[in-house]
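The structure under discussion appears below in the form of structure tokens.
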Amino acid sequence: MNTSIWITLLNIFGVLIATVLLAAILTWGERRLLGFWQDRPGPNRVGPFGTLQVIADMIKLFFKEDFTPRFADIPVFVLAPTVVMATMLIAFAVVPMSPSIGVADLNIGLLFVLAMSSIAVYSIILGGYASNNKYALLGGLRAAAQTVSYEVFMGLSLMGVVMMSGSFNLRDIVIAQADTWFIVPQFLGFIVFFIAGIAESRRTPFDLPEAEHELTAGFHTEYSGMKFGMFFVGEYLAVILIAALITTLFLGGWHGPLLPPIIWFCLKTAFLVAIFILLRAALPRPRYDQLMKFGWKVMLPLSLVNLLATAGILLWIA
Amino acid sequence: MIASQIRSMWLVFKHLFRRNVTVQYPEEKPYLAPRYRGRIILSRDPNGDERCVACNLCAVACPPDCISLQKTEDPDGRWRPEYFRINFSRCIMCGLCEDACPTYAIQLTPDFEMCEYDRQNMVYEKEDLLIDGPGKYHDYSFYQVAGKAIKGKDKGQANNEAEPINVKSLNL
Ligand code: SF4
Ligand code: SF4
């Protein structure tokens, strides 16, 4: 009995520490990659290849003045950044990383993740509202509208996967992909979920809530110090989470030849994270109405077609 | 539309294999052209005398008004600045002073590393500005081409100069 508890604890803390560390390292990795794609080296001064930049940034964030504006709604203002970090970390609990690693085995794992990533948006809306600043509020409003519209087909695009595997449990979904990865039969679903995932994590090209040339810094205009850092880490956690989810749902999770399962999972996730960063390096931000139009007039019909076609074909076979 | 987005992603990705354009500054120094406009110096003529004749043209030309000098005259007839001061915290390295100078005395050099912790140290006096050589113009000596008489060179003795004519002696 004792050993099983230890293994569970090890699992929990392992996943927790690994994800937070990865998110921190990603702040360096992203800048480095963006640099290479823009013909410059990126942060390369602190430590070997600039790897200690993360620590330098952390020291800077901790010792910066943590300014709370007098006009802000202070309790909400303080609470808001914690929400995004907490929900993202909780969501990681249900992601199965290998046959033996993974914290919880919920039978509604998929819904749980979707719910958590929707709660994360409260962080931004509340942060924007509590700052009592018009740019922050506009950013918060945009985040709300964007999440509401992209959430719809984010869920719908996954229903194909759920139908094919017959389960909401992420572990079962991975096991169902032992022969074919779901990216093959569910390519449309993959595309829709990928785009919705970027919109959910509010990354460029969908970073309208913090579009800096219109809204200064959007929802986190008034945030500084470690509160800002939490928004920042939350965003990177979201990126890793979405990449891990796409791996789990469409790219066969830990399945792969030769290498151990956890390595395959990490490789696939890292690859997707790199694609997210490439998207940021390459694509411009759309206008706000274009974003909405794209969501409702292109993505939603696509995901509905995918849903109907998958359902029809599955019934036909059955 | 989708194709163009994917194409631009591919084009950006290819930059991974390009050389960086960054110059890693303190270790690597960029190449600066000989006529780069950096720290200002006052040069000397080939004989080692100060070139500046304190004509004040540079001070007049200077847009932010950062040159200040005072003329004095040597016993041998040369004009010289008594003091010559450039406030580099205001200088914009425009090079107009060099353009204005009739004697090639004031010159800009390819050196930009002149940070100071104390603002006052950005004010360079004549001792800080004066160098021992002729700078970019090796053979030029103002008094050897100008009509001004100095000790050892009277009127009419300069290069390409004819003897002066006493107009009153002309019988017209
Ligand atoms: S470079 Fe321009 S600003 Fe500087 S001293 Fe000469 S004229 Fe003045
Ligand atoms: S540096 Fe040149 S322009 Fe300036 S006072 Fe001297 S001779 Fe005249």
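The values are calculated or read from the model by the stated rules, or taken from the named source; none is laboratory data. From a predicted model like this one, the values you see are computed outputs, not experimental measurements. Quick reminder, even Gly has a Cβ in these numbers, built from the backbone with ideal geometry, and neighbours come from all protein chains shown.
From A:THR19, A:THR27, A:THR3, which residue is β-branched (Val, Ile, Thr) and surrounded by fewer than 16 Cβ atoms within 10 Å (Cβ to Cβ)?
Values: A:THR19 fails: surrounded by fewer than 16 Cβ atoms within 10 Å (Cβ to Cβ); A:THR27 fails: surrounded by fewer than 16 Cβ atoms within 10 Å (Cβ to Cβ).
Testing whether each residue is β-branched (Val, Ile, Thr) and surrounded by fewer than 16 Cβ atoms within 10 Å (Cβ to Cβ) leaves just A:THR3.
Here is a yes/no grid of residues against (1) farther than 20 Å from B:ILE92 by Cβ; (2) surrounded by fewer than 10 Cβ atoms within 10 Å (Cβ to Cβ):
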site: B:SER8; (1), (2): yes, no
site: B:LEU11; (1), (2): yes, no
site: B:ARG37; (1), (2): no, no
site: B:ILE40; (1), (2): no, no
site: B:ASN47; (1), (2): yes, yes
(request) Could you check, for segment B:68-77, whether at least one of its residues is in a loop (DSSP other than H, G, I, E, B), more than 10 Å from ligand 1 (Cβ to nearest atom) and within 20 Å of B:LEU32 (Cβ to Cβ)? (result) no
(message) Could you check segment A:25-69 and list, in sequence order, the residues that are of a type in the set (Lys, Arg) and within 14 Å of chain B (Cβ to nearest Cβ)?
(response) A:ARG31, A:ARG32, A:ARG40, A:ARG45
(request) State which residue pairs qualify: first residue away from chain A (no Cβ under 14 Å) and inside segment B:55-73, second residue more than 10 Å from ligand 1 (Cβ to nearest atom) and of a type in the set (Asp, Glu) in any location, beta carbons under 9 Å apart, and separation of 6 or more residues or different chains. (result) B:LEU69/B:GLU82; B:GLN70/B:GLU82; B:LYS71/B:GLU82; B:THR72/B:GLU82
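I'm checking my understanding of the structure. Among residues of segment B:6-42 that are among the basic types (Lys, Arg) and closer than 30 Å to B:ILE106 by Cβ, which one is nearest to the other protein chains (Cβ to nearest Cβ)?
Filtering segment B:6-42 for residues among the basic types (Lys, Arg) gives B:7, B:14, B:18-19, B:29, B:35, B:37, B:39.
Next, only the ones that are closer than 30 Å to B:ILE106 by Cβ stay: B:29, B:35, B:37, B:39.
Numbers: B:LYS29: 17, B:ARG35: 28, B:ARG37: 25, B:ARG39: 26 Å.
Top of the filtered list is B:LYS29.
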(message) Contact list please: Cβ distance under 6 Å, first residue in segment B:101-122 and polar (S, T, N, Q), second residue assigned to a helix (DSSP H, G or I) and within 12 Å of ligand 1 (Cβ to nearest atom), pairs at least six apart or on different chains.
(response) B:GLN107/B:GLU98
(request) Output the number of the condition that A:VAL95 fails; it satisfies all remaining conditions of (1) at pLDDT 85 or above; (2) touching a Ser or Thr at 6+ places or on another chain (Cβ under 7 Å); (3) hydrophobic (A, V, I, L, M, F, W, C). (result) (1)
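Identify all residues within segment B:91-124 that are more than 16 Å from ligand 2 (Cβ to nearest atom) and either among the charged types (D, E, K, R) or not in a loop (DSSP other than H, G, I, E, B) (or both); write none if there are none.
In the first step, residues of segment B:91-124 are kept if they are more than 16 Å from ligand 2 (Cβ to nearest atom); the result is B:92, B:110-123.
Those that are more than 16 Å from ligand 2 (Cβ to nearest atom) and either among the charged types (D, E, K, R) or not in a loop (DSSP other than H, G, I, E, B) (or both): B:ASP111, B:GLU113, B:GLU116, B:ASP118, B:ARG119, B:GLN120, B:ASN121, B:MET122, B:VAL123.
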